[in-house]
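What follows is a single structure, written as structure tokens, with notes after it.
Just so it is clear, none of the values below were taken in a lab; they were calculated from the coordinates. All of these numbers come straight from a predicted model, not from anything done at the bench. Heads up, the Cβs are rebuilt from the backbone with ideal geometry, glycines too, and the neighbour counts pull from every protein chain shown.
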Amino acid sequence: MAKILAIGEVANGIPKKATREITSVGRSLGEVHTLVLGTQAEAAASEVARHGAEVIYAVESSDYNGEAWSQMAAQIVREGGYEIVLIPHSWAGRDVSARLATLLDSAVISDAVEIHNEGGRIKIKKPVYSGKAFVWLKSTAAIQVVTVRPNSQKIEENPGAGKLEKRQLDLSKVKARQISFIPQKSTRVSLTEADIVVSAGRGIKGPENLYLIENLADVLGAGMGATRAVVDAGWCDHTLQVGQTGVTVSPTLYIAVGISGAIQHLAGMGSSKYIVAINKDPDAPIFKVATYGVVDDLFQVVPPLTEEFKQMLGK
Ligand SMILES: Cc1cc2nc3c(=O)[nH]c(=O)nc-3n(C[C@H](O)[C@H](O)[C@H](O)COP(=O)(O)OP(=O)(O)OC[C@H]3O[C@@H](n4cnc5c(N)ncnc54)[C@H](O)[C@@H]3O)c2cc1C
């Protein structure tokens, strides 16, 4: 059976959703052990075990440090003789995976939306050309390092033994350190982890109308996104940009409001399970990828829709 190490983040004792996803998919591919790094890492052990981890390495880390995290991961991979490493294709995961692959003299195959184990060799499917096509990739490296797109895998309950091993980060040889941390002001669910995302396009006309999208997102407990047109106009923060040059999201439900559906935007949300588009132009390209489309003026549609959800959800 393949020996797999899943590497994920934990915040205040709660494993990130992507950490549970890679543990769960690891379990379906072989024997999975999970390395969790972050704050109150030990407290995350039982939750990670619930999704299949036989062993949990808990590493307390108050600040993200790609150098130290990848060195710790490399040490565990070598000691444990792991053949496959799974890491979320998140901001931190992309950094750690590249550093780790270098330390292990390996290579990364990245952004998997589907993963198979074929006799110990990992085969992944990943979107290319802004989501216009897919490729299948196989790693030929001795230690296969794979990043997995958040929200692309099922989270199953399949308990593992959950043996806890505590490890300590060695920061003494680290050459770059974080000197301050500025948290985002928003209390909304993180865009990349959200199960529902509501995004604003230029159709909202101006920043004074952003509240329409915020209200709908808040009623649904959704993350909020935007197109580059909205971000470039300065109507909202650039961290909300979804697309080729922004973040990639893969929620169960993506609601695109006043968004034309340019290929660069589709690159960041095209793998969403259900897409609902609200646009007054019936020829807008977003309708080609939408599961459901509303051809109408968003200013007429969004307020009653928000009100309806409020009542339905008792908010
Ligand atoms: C190299 C490169 C990288 C890029 N990266 C990204 C990226 O990461 N993310 C991204 O989003 N874009 C990106 N872009 C920009 C992209 O090409 C588009 O310009 C952008 O996505 C358009 O944003 P939009 O849909 O908000 O605006 P528009 O294309 O202007 O569309 C607005 C839509 O709103 C509709 N509308 C107007 N009024 C209403 C109304 N009252 N009710 C309902 N609908 C209405 C219109 O019919 C229209 O379809 C990139 C471009 C380049 C060249």
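Remarks
- Farthest toward the positive end of the dipole of the range 3-167, out of ALA49, ILE124, ILE87, is the Cα of ILE124, where the dipole comes from beta carbon charges about the Cα centre.
- Ratio Rg/Rh [Cα only; Rh per Kirkwood] for the range 1-100: 0.92
- Normalised radius of gyration (Cα atoms, divided by 2.2 N^0.38 Å) for the range 130-246: 1.47.
- Principal axis dimensions, largest first and in whole angstrom, of the chain by Cα: 60, 39, 38
- Most to least packed among 303-309, 187-193 [average Cβ atoms within 10 Å]: 187-193, 303-309
- Long-range HN-HN contacts of VAL145 with modeled amide H, under 5 Å: VAL85, ALA107, ILE109
- Think of each Lys and Arg Cβ as +1 and each Asp and Glu Cβ as -1; about the Cα centre, that makes the dipole of the chain roughly 560 debye.
- By average C-beta atoms within 10 angstrom, highest first, the peptides 13-19, 252-258: 252-258, 13-19
- Helix 210-220 and the long axis of the chain differ in direction by around 60°, with both axes built from C-alpha atoms.
- Charge dipole magnitude, Cβ of K and R +1, D and E -1 - the range 196-312, Cα centre, debye nearest 20: 320 debye
- Listed residues VAL108, GLY162, ASN215: farthest to the positive end of the dipole of the chain (Cβ charges): VAL108
- Calculated log₁₀ intensity ratio I(q)/I(0) where the Debye formula runs over C-alpha points of the range 3-167, q = 0.20 Å⁻¹: -1.30
- Cα→Cβ-extended label distance, 7 Å offset, between PHE134 and GLU31, nm: 3.1 nm
- By average C-beta atoms within 10 angstrom, highest first, the peptides 133-141, 175-183, 230-238: 230-238, 133-141, 175-183
- If only the Cβ of Lys and Arg carry +1 and only the Cβ of Asp and Glu carry -1, the dipole of the range 189-238 around its Cα centre is close to 260 debye.
- Along each principal axis, taking the top coordinate minus the bottom one, the Cα set of the range 196-312 gives 36, 28, 25 Å in descending order.
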